[in-house]
1. Using the per-residue mean of other Cβ atoms lying within 10 Å as a proxy for protection, in what order, highest first, do the peptides 9-20, 43-54 fall?
2. Between I18 and V114, what's the calculated FRET efficiency when r is the beta-carbon distance and R0 is 30 Å? Round to 0.05.
Amino acid sequence: DDYIIQTKKTKQNKTTIIIIMPIYGQVVIGPPGSGKTTYCNGMQQYLRLIGREALVVNLDPANEYHPPTDAKSETEAEADGNDNGNDSHSQSQSQTNSSQHLPYDTLLDTSEDVINLSTVMEELELGPNGGLMYCLE
């Protein structure tokens, strides 16, 4: 029902079918540790599974995702409190994307490509609130 289907005739008398799909978007917000990264990772995997394109833009200058290291077992990581809510499937996904800042593909990652809170706090000698205000400006 949401699709628009158009047909066009070419000069060679061939019919071309064009399917126009609507564009949907989500804004994911929440406090630190609430599962935003896990949700975005899962949503991108799901949308790709069903054949939909998913473009993610990370606008959080304070996003510091730290997957469990390979040196520790999953049990040791949980004992240290570094679980991050990832299951073994998500861990294998994050290990395959280990060169990336986040466990999912992004069109733009503000904290890597534009401005990073940790860097701002260190260079300008600001606290977390002042650093965030600077990043948002």
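1. 43-54, 9-20
2. Computed FRET efficiency for I18 and V114 comes out at 0.25.
Here, each number is a calculation from the coordinates, and none is a lab measurement. Predicted, not measured: the structure shown is a model, and the values here were computed from it. So basically every Cβ, Gly included, is an ideal-geometry build from the backbone, and we count neighbours across all protein chains shown.
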